[in-house]
Structures are given as structure tokens and as C-alpha cells.
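Peer 1: One structure follows; several queries about it will come next.
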Amino acid sequence: MARVFSGIQPSGELHIGNYLGAVQNWVRLQEQHDCLFCVVDLHAITQPYEPAQLAQRTRQMASSLLAAGLDPAKCIVFVQSHVPEHTELSWLFTTVTPLGELERQTQYKDKAQRQESVLAGLLNYPVLQTADVLLYKATLVPVGEDQIQHLELMREIARRWNGRFGEGFFPEPQPQLTTAKRVLGLDGQAKMSKSLGNTIGLLDPPDAVWEKLRPAATDPARVTRRDPGDPDKCNIYTIHKGFSPPDTLGTVAHNCRTAGWGCLDCKRVLADNMIAALAPVRERAADLAARPAEVDRQLADGAARARAIARDTLGEARRRMGLLPAASAG
Ligand code: TYM
């Protein structure tokens, strides 16, 4: 059984880009695999953030994941900073990571451009991400397309570490993408992203979903109502694939190509399907919001289960790297 690991930053609400690109897949994978899913708070602090809000956002992100269908009886859900082995393994990995590889990461370059002074945490971000995955010797990483380059680096770090300290010790993890591997924002310009404000939240109420969908960008070739469109060039069709059943998808594609429907007709169908699909998620989220102590308890349990695995891997990695084991005191 393949071990699966993935993570999400608590830097904003869970949006449908995260959901269709990654989380929907997580919910499926937990049925057949040994899965760990992590709210990566230590990654979130590599960008400007508000300390007074971080804990609450972390709990909220975890609650949203549980509401979206992650089931602690089927997978391990936890918070990254609750398992300190992540940071220790990350440090060990910095000693085999070439600086040039880190500087080449496009996510780093994009984020660094937006900051006045670039901090080392931002540069080392993918090393911590590597530790997240390899601490559990996970082989499968369900993510969106924007994480592919980080996964390549992860395999490079695994190869270098193995080459120096123990052939075959760490696996080389592979990404797993969905058909919605890159959901665009509602403006149709860039990737849907918490930091760009072009999102639909998974927990948005029905009227907000429609308000946001109505003006959203579609196939740019459809200038007037009579122009036929190409569903494969339309972000709304990508979102349809995540929420509408196959026969509806056929109807949508046909009516787009023949201009049988206008874009607004197509969006109305999508809004109805989305609102219906997400109603139980919203309901579960409201229920969890009223029971924060229960969420914290589930996260503590998840961290304890994750830590049991993490300790073993880290202990062995330390030993192979030649670090002196601490003798027990007294
Ligand atoms: P984050 O928090 O930006 O996003 C979480 C997941 O959602 C996917 N995603 C998208 N997929 C399709 N279309 C979009 N518009 C879109 N926006 C986001 C992301 O690809 C991701 O899978 N570095 C990671 C978090 C992380 C991680 C890890 C992931 C830390 N450690 C270990 C995998 C394994 C990140 O920033 O994700």
C-alpha cells in the first residue's frame, strides 16, 4: 500500500482551486491508502502574516479539511508544528541541498520579487516541504500543478542524501495530479490563489457563490452570445468537471461548442451543482466551528500518530548521518 502525504498552508480560506486540485483527491485516496494530511503552519510563516490570527487560521483550515471529507478514522490529519521532527529533518536536508537549486524554484522567485528583503525561510521552504514528505517515506504526493517543481527538488534531495548516507533509505516521491491541476482565478488571468483574492471559498454561502461565478471569465473567444466556445479553453468548464456529473458535462460541452447556451446558462448549471455538492461541507464546517476543543483533540491525536512514524525515520537518519545519540540522563 503506497503511503500518501500532502499539505496545505493555513494562509487563508480553503478555496475550490485547493479542493479540485488536491483535497478532493485526498478524500478519495484515504479510502485505499495509508495517508497523512498536514496543515503546514511553519510554511505559512515564511510570508508576512498576523501572529494573532495564525492559531485560529490553522484550526479553521483543519476544520475545513475535516468538513470536506477527511476522516481521522481513515487518515492522519495533523498540524506541522506539532511534530517537531519536521524541522529537524529539514535542517539535516539543508546540508545536502545545493543553493542554486533553491534559487531556481519559480515559487521562490515569484514570492521573493514581492518582498523588500528576502528571508532565508522563504528560500528554504522547499527543503521543509521535502522533510514533510520524506519523514513518512511517502511515495505519492497529491498536489496541484504548481507543486511539480518542488517535487522534482524533493527527489533530487532524496537521491543526494541516499547517495551519501544510505542507498534506498528515502523513496523518490511522485506527484499525483487531478484533471483540475491548475484552476484559474475568477478573473481568468492567474492561478486561483488565496493571495490574489480571485477565489471561491469552499464554505462560501450560495448567494456568494453565484455573485462570484456570474462575472467570472470564460473562453476568451466567446465575445458575443452567438460565438461558439471551446470548453477545453474555459476555466468554468474545468470547475464543472469537479462538480457536475458526466452526462451534464456532455451537455455543457455540446452547448458551448454550438453556442446553444450562453456562458451565463452554463454558469447557472455549475452554480446549482456546486451549491448542492458543498451544502453538506458547509453544514459539517458549521458544526465543527461550534466544537473547537473537539477539533483540537483530533489534531492532537493525529500529531501523536504522525510522531510515532516521524521519530523512527528521524532516529535512523540521524544514526546514518553519524550524529552521536544522546545517552539517557541519570
Ligand atoms: P498550498 O497551500 O498553496 O495549496 C494546497 C494545495 O492546493 C493546490 N492548489 C491548486 N490546485 C489547482 N489549482 C489551483 N489554483 C490551486 N491552488 C492551490 C496546491 O498545488 C496544493 O496541492 N507548498 C504547498 C504545501 C505543502 C506541501 C507539503 C504539499 C507543504 N508541504 C508537502 C505537498 C507535500 C503549498 O503551498 O500548498
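The values are calculated or read from the model by the stated rules, or taken from the named source; none is laboratory data. Quantities reported herein were computed from a predicted structural model and do not represent experimental measurements. Cβ coordinates were reconstructed from backbone atoms using ideal geometry, including for glycine residues, and neighbour counts include every protein chain displayed.
Peer 1: Taking the stretch 1-60 on its own, how many of its residues are β-branched (Val, Ile, Thr), near the ligand (Cβ under 9 Å from one of its atoms) and under 15 Å from Thr178 (Cβ atoms)?
Peer 2: 3
Peer 1: Continuing with the same structure: For the stretch 79-118, name all the residues that are modelled with pLDDT under 95 and assigned to a loop (DSSP other than H, G, I, E, B).
Peer 2: Arg114, Gln115, Glu116, Ser117, Val118, listed by residue number.
Peer 1: So Thr179 clears everything in (1) surrounded by 15 or more Cβ atoms within 10 Å (Cβ to Cβ); (2) out of contact with any Leu (no Cβ under 7 Å at 6 or more places or on another chain); (3) within 30 Å of Ser244 (Cβ to Cβ) except one condition, right? Which one?
Peer 2: It is condition (1) that Thr179 fails.
Peer 1: Could you check, for the stretch 198-213, whether at least one of its residues is hydroxyl-bearing (Ser, Thr, Tyr) and touching a residue at least 24 places away in the same chain (Cβ under 8 Å)?
Peer 2: Yes.
Peer 1: Here is a further query. Which condition number does Phe165 fail, the rest of (1) within 13 Å of the ligand (Cβ to nearest atom); (2) assigned by TED's automatic domain parsing to the domain that holds Gln60; (3) hydrophobic (A, V, I, L, M, F, W, C) being met?
Peer 2: (1)
Peer 1: Go through Ala44, Ala67, Ala22 for me and flag whichever is surrounded by fewer than 22 Cβ atoms within 10 Å (Cβ to Cβ) and in the same structural domain as Pro142 (by TED's automatic domain parsing).
Peer 2: Every option except Ala44 fails the conditions.
Peer 1: To continue, here is another question. Just the residues that are basic (Lys, Arg) and assigned to a helix (DSSP H, G or I), please, taken from the stretch 277-328.
Peer 2: Within the stretch 277-328, Arg282, Arg284, Arg297, Arg305, Arg307, Arg311, Arg318, Arg319, Arg320 meet the criteria.
Peer 1: Go through Ala317, Ala306, Ala285 for me and flag whichever is surrounded by 15 or more Cβ atoms within 10 Å (Cβ to Cβ) and touching a Ser or Thr at 6+ places or on another chain (Cβ under 9 Å).
Peer 2: Ala285
Peer 1: Can you go through Gly7, Gly21, Gly12 and tell me which one is touching a residue at least 60 places away in the same chain (Cβ under 8 Å), within 17 Å of the chain's Cα centre (by Cα) and in a strand (DSSP E or B)?
Peer 2: Going through Gly7, Gly21, Gly12 in turn, just one is touching a residue at least 60 places away in the same chain (Cβ under 8 Å), within 17 Å of the chain's Cα centre (by Cα) and in a strand (DSSP E or B): Gly7.
Peer 1: Could you tell me whether Asp219 is over 22 Å from the mean Cα position of the chain (by Cα), free of Cβ contacts under 8 Å to residues at least 24 places away in the same chain and not assigned by TED's automatic domain parsing to the domain that holds Val40?
Peer 2: no
Peer 1: Only residues in the stretch 147-162 that are at pLDDT 95 or above and of a type outside the set (A, V, I, L, M, F, W, C) count as the first member; pair them with residues that are in a helix (DSSP H, G or I) and surrounded by fewer than 20 Cβ atoms within 10 Å (Cβ to Cβ), Cβ under 8 angstrom, at least 6 apart or cross-chain, and list the lot.
Peer 2: Gln149/Thr106; Gln149/Gln107; His150/Gln107; Glu156/Glu101
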